[in-house]
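J.: Let me begin by handing over the structure; questions about it come next.
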Amino acid sequence: MSDLVPPRPYPEWRTTPADREEDAAYVFGYHLIQHCRDKALKTIKPEVSAELREAVREAVDTALHNVNDMLEGYWRLDAGPDHTVELVLCIRVHGPDCAPVETIEISPCKLDLPIGYWKWVNDRAFR
C-alpha cells in the first residue's frame, strides 16, 4: 500500500461552504482508509493465496463502500413499519483546549461519499 497524502490541516481548510464540506470529508476519508481499510487488509497473512487476498480486499471495499452508501441515503432505512431513519455524518473540529470549534455536516446527500471512497482507495490522496 502506498503512503497516504494527508488532508489539509484545519487552519488551511478552504473558506466557501462547499469547499469546507469537501475538506471535512477528506478528513473522514483519510481516517476511514487509514484506520478501517488499511488495518483490515494488514490482517491478511502473507502466506495466503493471491486469490484469497483479492477476495478479502473486495469484501472490505464492498463493506466500506456500502457504509458510505448508507450515509448518503442510498437505501431506505426502516425503523419499524411506520418510520425510517437517516444517517447524518458530521465532522466536529476541536481546538487545543478540546472545545468544539466547528461542526460540518457532510452527509447525507452533500458530497457523494461513495464516489469519494473509490478516489480515496485508488489515489490515496485527500486534498
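Here, each number is a calculation from the coordinates, and none is a lab measurement. Worth saying up front: this structure is predicted, and the values here are computed from it rather than measured. Don't worry about glycine lacking a Cβ; one is built from the backbone with ideal geometry, like all the others, and counts go over all protein chains shown.
J.: Defining a contact as two alpha carbons under 8 Å apart and six or more residues distant in sequence, what relative contact order in percent does segment 1-99 show? Kindly include the intermediate steps, with their values, before the conclusion.
T.: Working: 41 pairs, mean separation 19.6, N = 99.
It rounds to 20 percent for segment 1-99.
J.: Please state the charge dipole magnitude for the chain, taken about the Cα centre, from unit charges on C-beta atoms (+1 on K and R, -1 on D and E), reported in debye and rounded to the nearest 20.
T.: Numbers: 15 positive and 22 negative charges, 82 e Å.
That gives a dipole near 400 debye.
J.: Next question, about the same structure. By its C-alpha gyration tensor, with a ≥ b ≥ c as the square roots of the eigenvalues, how is the chain shaped: rounded for a/c under 1.5, else prolate for a/b larger than b/c, else oblate?
T.: Oblate shape, in that a/c is at least 1.5 and b/c is the bigger or equal ratio.
J.: What does DSSP give for the chain in terms of the percent of beta bridges that are antiparallel, rounded to the nearest 5? List each step's numbers first, then the result.
T.: Working: 8 of 9 bridges.
Looking only at bridges with both residues in the chain, the antiparallel portion is about 90 percent.
J.: Any lysines with Cα under 24 Å of the Lys119 Cα? List them, leaving off those in the same chain fewer than 8 positions away.
T.: Candidates past the 8-residue exclusion: Lys39, Lys42, Lys110.
J.: Related question: What number comes out for the charge environment of Asp112, summing +1 per Lys or Arg and -1 per Asp or Glu over other residues with Cβ under 14 Å away?
T.: Values: positive: Lys110, Lys119; negative: Glu21, Glu22, Asp69, Glu72.
Summing Lys/Arg as +1 and Asp/Glu as -1 gives -2.
J.: Show the residues, 5+ positions off or on another chain, whose built amide H is closer than 5 Å to the amide H of Phe126.
T.: Result for Phe126 returns Val5.
J.: Near Trp13, within a Cβ-to-Cβ distance under 11 Å, what is the net charge of the other residues, with Lys and Arg +1 and Asp and Glu -1?
T.: Neighbourhood net charge equals -2.
J.: Between His94, His31, His83, where does the largest GNM mean-square fluctuation fall for the chain, given springs only between Cα atoms within less than 10 Å?
T.: Top of the fluctuation ranking is His83.
J.: For Leu89, enumerate residues with amide H under 5 Å from its amide H, sequence gap 5+ or separate chain, H modeled in the peptide plane.
T.: Ile106, Ser107
J.: Summing -39500 (n - 2.57) over the DSSP H runs of n ≥ 4 in the chain and dividing by its residue number, what mean residue ellipticity at 222 nm do you reach, to the nearest 500 deg cm²/dmol?
T.: Rounded to the nearest 500, it is -13500 deg cm²/dmol.
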